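Rule-based calculations on the coordinates, nothing more; no lab input. Note that the structure is predicted; figures quoted are calculated from it, not measured. Glycine gets a Cβ as well: all are built from the backbone with ideal geometry, and neighbour counts include every protein chain shown.
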């Protein structure tokens, strides 16, 4: 029997976490007999719920054949199959793929790729990046350096300051029109490019919709199209971090498809295996990949488990499950049901300043009142704790913006969620908000 004392550094000081013993769909059962509804997929991971039988079977089947190959010694069939499937669903032309084990690793790989790309094109001075705030791109040093988040504070001495442009719609107190918000945000990017010099910038990193920073901050229509135009004009790679928005979360395979945009690189992770095994990767547009693959070394950077068969097999099956079960459509339909319910809750209280997101990625921002829209201090933690008391798991993500901390929570239930589950989430969440 496992120890009841947690000696792992994943422990939360001062708080005894419930011990999960079984999970299925959007439900988690604990050792003390409680049943939780997981409305956030842990950390936006569970695309098709916990322990989807087809993913578990794919893992077992592959484990009986080959579990590991080293990328410089062997290829493997699941990796080749996955690359083909990704080519079919990618929003970019002639897509190539590269695989890792975490979102941070894939962001690092995209950094490596961008630097190598410009070196091969004879522009080695293009080594800088522009990103936005608030944002979160990962916990490794380079990925954290791209992030506009207070999580970087303890490590600032090692980090590069890349997050120099504000994420559009992050500050609801500005009350700008959508058109004005686009102009405001694009002007910030233009100023950053002018200050640093396009001849020194390798690319622009952004999340189509934010995840852990700001809770589903969604850009106004026209913004991503303008970013694409700006990158093309100045010769910068447009790199979209779809760690959270990828694989159906917004109702399309990738979040950028909501705006018809084709970036140069997409990074992905989290939901690609619905939590069965760690896995991540990046998609690379054909014209960018052509430059790398024309060189003698190709893309020589990676990690020990890059393209390992177990992760590739589960990821390939995940794509087939989404297709076979019609989960893109379900994400749109259930996402609208969830959004309608959240807006109904917001109408009952002056302390919700915004409900936002797309599909089954929805965020709530708590405020003191509707007039000032000032953050309601501590609300995200209180609501999350009250939800947990009601056996509902949501994701608390208070987010620094200037001198303020935005009080936000995020919901990201599985794409195969039912209307009954959505209604139960809304009922428990409404009760938690009222109690907090």
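Volume per residue for region 202-249 equals 84 cubic angstrom (convex hull of Cα atoms). One quarter of the convex hull surface built on the alpha carbon atoms of region 315-398 amounts to 6.8 nm², the projected area averaged over directions.
The relative contact order of the chain, computed from alpha carbon pairs under 8 Å that lie at least 6 residues apart in sequence, is 22 percent. Normalised by residue count, region 67-324 yields a Cα convex hull volume of 126 Å³ per residue. By the count of neighbouring beta-carbon atoms within 10 Å, fewest first, 389, 241 end up ordered 389, 241. In the elastic network of the chain, a GNM with C-alpha springs shorter than 10 Å, the most mobile of 100, 76, 330 is 76.
Kindly work out what percent of the DSSP beta bridges joining two residues of the chain are antiparallel, to the nearest 5. In the chain, DSSP labels about 70 percent of beta bridges as antiparallel.
Gain on full extension, evaluated as 0.36 nm per residue between residue 32 and residue 225 minus their Cα-Cα distance, stands at 64.4 nm. For region 243-366, the Kirkwood hydrodynamic radius comes to 16.8 Å, computed from all pairs of different C-alpha atoms. Taken over the C-alpha atoms, region 244-303 has Rg and Dmax values of 13.8, 40 angstrom. Gyration tensor analysis over the Cα atoms of the chain returns equivalent ellipsoid semi-axes of 32, 29, 20 Å (largest first, whole Å). Convex hull of alpha carbon positions in region 1-131: directionally averaged projected area 13.5 nm².
What whole-number volume per residue, in cubic angstrom, does the convex hull of the C-alpha atoms of region 155-296 give? Write down the numbers at each step before the final one.
On the way: hull volume 22.8 nm³, N = 142.
About 160 Å³ per residue, rounded to a whole number.
Report D for region 16-66 in µm² per second (integer): Stokes-Einstein, Kirkwood Rh on Cα pairs, 20 °C, 1.002 mPa s. Each step should come with its number before you reach the end.
Values: Rh = 12.2 Å.
Value of D from the Cα-based Kirkwood radius: 176 µm²/s.
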